[in-house]
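What follows is a short report on a single structure.
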Ligand SMILES: Nc1ncnc2c1ncn2[C@@H]1O[C@H](COP(=O)(O)OP(=O)(O)OP(=O)(O)O)[C@@H](O)[C@H]1O
Ligand SMILES: [Mg+2]
């Protein structure tokens, strides 16, 4: 059955080509923040590390592999998160097998997007956390309506951003499908010169595509993970929550 456009979940993808710049932290914070704003949200973790589920304190039994394979019913692999409006499809090591399964079954990226849209039927937003490379990342890039690229404000990450944007452009060109919006999200902001200089460089290079409110490097972002709490549960009035709140407003506002 065809879905009407208004019933199709908007797909927000957090990605970059570098490890440790805040993809999972941002995915979980934005997905749970959307849920708190009354948006029915599904979080799909395509990384084999399965950090999104771990950050929320959820088991990784059935996983993204089962969702992307397209044979099981969503009720078999979608987990409640214990929070209103927020469900999750956890990531696990098995997700690494999806590339060969799709190749064997002749599943194109367009067909995989249909499978993903069916999983997200009835949700307002599908948030996808990605690994820093590989087929699951390429698939997520293809599917994105909104792409958010977290970039830590240090030299290696600024350099990695160019690779990420090149990969995004290549995939768009090859498959003739572009995200509506790409946001560059500065993360790990500190009060030192390196952070300020890199913010200025991002502003010069990317202007309006850059999110003006950086996510600060603060211990609360780590501590909430250790407690399996979202930033909204752990420190709702802190500066990390404030930054993710601004990002959500920008995403919802368009
Ligand atoms: N704003 C922040 N301040 C301090 N620590 C943070 C912040 N954001 C994330 N972290 C911590 O930094 C580490 C890396 O963050 P995260 O796991 O979100 O990155 P990632 O891009 O998903 O990494 P990977 O590429 O390994 O999946 C984690 O330990 C996380 O708790
Ligand atoms: Mg991660």
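Just so you know, all these numbers are worked out from the coordinates, no wet-lab data involved. Just so we're clear, the structure is a prediction, and the values are computed from it rather than from any experiment. With ideal geometry, Cβ positions are generated from the backbone for all residues, glycine too; neighbour counts draw on all protein chains shown.
Structure values in brief
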quantity: Conditions (1) in a helix (DSSP H, G or I); (2) without any contact (Cβ under 8 Å) to a residue 40 or more places away in the chain; (3) buried (at least 20 other Cβ atoms within 10 Å of the Cβ); number of the one not met by residue 220; calculated: (3)
quantity: Helices (runs of 4 or more DSSP H) lying entirely in the stretch 61-121 (those with 1 or more residues that are closer than 12 Å to residue 44 by Cα); calculated: 64-69, 74-77, 109-119
quantity: Selection count where residues are surrounded by fewer than 14 Cβ atoms within 10 Å (Cβ to Cβ) and over 23 Å from residue 239 (Cα atoms), scope the stretch 164-192; calculated: 7
quantity: Candidate set from the stretch 230-254 (those that are in a loop (DSSP other than H, G, I, E, B) and touching a residue at least 40 places away in the same chain (Cβ under 8 Å)); member that is surrounded by the fewest Cβ atoms within 10 Å (Cβ to Cβ); calculated: 254
quantity: Conditions (1) crowded, with 17+ Cβ neighbours inside 10 Å; (2) part of a loop (DSSP other than H, G, I, E, B); number of the one not met by residue 55; calculated: (2)
quantity: Of the criteria (1) more than 30 Å from residue 162 (Cβ to Cβ); (2) touching a strand residue (DSSP E or B) at 6+ places or on another chain (Cβ under 9 Å), which one residue 75 fails; calculated: (2)
quantity: Conditions (1) within 12 Å of ligand 2 (Cβ to nearest atom); (2) touching a residue at least 40 places away in the same chain (Cβ under 8 Å); (3) under 25 Å from residue 101 (Cβ atoms); number of the one not met by residue 53; calculated: (2)
